[in-house]
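Novice: Before anything else, here's the structure in question.
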Amino acid sequence: MDFSFDARTEELRTKLLAFMDERVYPAEAVAEEQRALLASPWDTPAVVGELKAEAKRQGLWNLFLPDAEYGAGLTNLQYAPLAEITGRSPHLAPTALNCAAPDTGNMEVLAQFGDEAQRKQWLEPLLAGEIRSAFAMTEPEVASSDATNIETRIRRDGDSYVVDGRKWYISGAMNPDCKIFIVMGKTDPDGADIRRQQSMILVPRDTPGVEVRRAMQVYGYEDHSHGGHAEVVFDGVRVPASNLIGEEGGGFAIAQARLGPGRIHHCMRLIGMAERAVELTCRRAVSRTAFGKTLAQQGVVQNWIADARVTIEQLRLLVLKTAWLMDTVGNRGAHTEIQAIKIATPRAVVEIIDKAVQAHGAGGVSQDFPLAELWASARTLKLADGPDEVHQRSLARRELKKYL
């Protein structure tokens, strides 16, 4: 395994680091100021559009897609350090580069499983950053950590499918630019194989019967930067049968293919979030005095910083190994490592950010620093894309098989 950066990665890193310093970090405060003046909190601040135009001009666009036909054609190993950099401003930089979830996963689904007409109608404007999208799977009435539990029904009726169900925490759905939902539901709820009951279907936002009911809060605040996390009701929603993605019963397999890259992308960005937290901690530590000496001279703060550095280096190596395996043996061959990083990375980064909050005192929980928002995002990722406990269960079973 060789994790050194090749020439293309190094070139993109240099450009992206400059873009972050010159454009993204200064835009963080501007975006908040502009959002406060918007008619709706879910509208996109003008500075975001400016960032997207500049990123596209510089060739920092769709870096996540390994298929050169649609994206930058980077391997997972090449993309990893770039995604880490965007994680330093997770609510602005990924969007600026058109590399933000849930659009990334939805674009991957359409590129891999969509037909020509679906790619033309929905993938192309997503790739161009002209629209946003949402992935509707999680439901409030069932334990969605087990995807076989979902109750939304997708019923065939002649040349159409009719969708009925209630979803929540559907990321991006509050954004008025969100024009399309990929909805996961059951086309065969009584099928013999519980993993062949589900299908995915494209539902345009303006279809009669689609109701974006309310924004769901995250630790008491609304995540404006991601276009919110909405509760969405599908009541007798009728769409053409041609909107089905792939085949009936293929939804579970598509979801697994979608979540593999999504999980590693989250972990890549989490490392960047941890780096931002350590940087803020160090700057705070050398500038604040308590009990007769700077925080940087306090042993407990030194321990926090040292432990964070060790942890980040360990996590980065595990993520890079996972990316390398995905490139060389495929997502299935990297299954154990994907689960391992999904367990380890959010858990550790939450702790690192928590110590950064502590170092900032009251400022750490305020809106004057990005730490509270970073902490909430990292903590949420212990649930998103499968709770830690689900991955622990699966990983333990895989290990135990060796001894049975």
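The values are calculated or read from the model by the stated rules, or taken from the named source; none is laboratory data. Everything numeric in this text was worked out from a predicted model, so none of it was measured. Glycine gets a Cβ as well: all are built from the backbone with ideal geometry, and neighbour counts include every protein chain shown.
Novice: Give the residue, chosen from LYS321, LYS342, that is on the phi < 0 side of the Ramachandran plot, among the basic types (Lys, Arg) and under 19 Å from the mean Cα position of the chain (by Cα).
Specialist: Among LYS321, LYS342, only LYS342 is on the phi < 0 side of the Ramachandran plot, among the basic types (Lys, Arg) and under 19 Å from the mean Cα position of the chain (by Cα).
Novice: Next question. May I ask you to say which residue of ARG23, ARG88, ARG35 is in contact (Cβ under 8 Å) with a residue 40 or more places away in the chain and not in a helix (DSSP H, G or I)?
Specialist: None of the others qualify; the one that does is ARG88.
Novice: If you don't mind, there's one more thing I want to ask. Any idea which of VAL329, VAL357 is in contact with a Leu (Cβ under 6 Å, 6 or more places away or on another chain), part of a helix (DSSP H, G or I) and not assigned by TED's automatic domain parsing to the domain that holds GLU84?
Specialist: Answer to the check: VAL357.
Novice: Among the residues of region 145-159 satisfying the criterion of being assigned to a loop (DSSP other than H, G, I, E, B) and in contact with a Lys or Arg (Cβ under 9 Å, 6 or more places away or on another chain), which is nearest to ASP235 (Cα to Cα)?
Specialist: Per the stated criteria, the residue is THR152.
Novice: When ALA55 is evaluated against the numbered criteria (1) assigned to a loop (DSSP other than H, G, I, E, B); (2) farther than 18 Å from ASP6 by Cβ, which criterion, by number, is the only one it fails?
Specialist: (1)
Novice: Here is a list: GLN302, GLN297, GLN339. Which entry is surrounded by fewer than 18 Cβ atoms within 10 Å (Cβ to Cβ) and farther than 15 Å from LEU280 by Cα?
Specialist: From the options GLN302, GLN297, GLN339, the qualifying one is GLN297.
Novice: Follow-up. Given the residues GLU313, GLU389, which is the only one that is closer than 22 Å to GLU279 by Cα, more than 18 Å from the chain's Cα centre (by Cα), exposed (fewer than 14 other Cβ atoms within 10 Å of the Cβ) and of a type in the set (Asp, Glu)?
Specialist: GLU313
Novice: Which of the following residues is in contact with an Asp or Glu (Cβ under 7 Å, 6 or more places away or on another chain) and either outside the structural domain of LEU63 (by TED's automatic domain parsing) or surrounded by 14 or more Cβ atoms within 10 Å (Cβ to Cβ) (or both): ALA241, ALA308, ALA255?
Specialist: It is ALA241.
Novice: Residue by residue through region 120-131, note down the ones that are crowded, with 19+ Cβ neighbours inside 10 Å and out of contact with any Lys or Arg (no Cβ under 7 Å at 6 or more places or on another chain).
Specialist: TRP122, LEU123, LEU126, LEU127
Novice: Separate question: Restricting attention to region 342-352, does a residue exist that is part of a loop (DSSP other than H, G, I, E, B), in the same structural domain as ARG263 (by TED's automatic domain parsing) and either touching a residue at least 60 places away in the same chain (Cβ under 8 Å) or not hydroxyl-bearing (Ser, Thr, Tyr) (or both)?
Specialist: The answer is no, given that none of the residues of region 342-352 is part of a loop (DSSP other than H, G, I, E, B), in the same structural domain as ARG263 (by TED's automatic domain parsing) and either touching a residue at least 60 places away in the same chain (Cβ under 8 Å) or not hydroxyl-bearing (Ser, Thr, Tyr) (or both).
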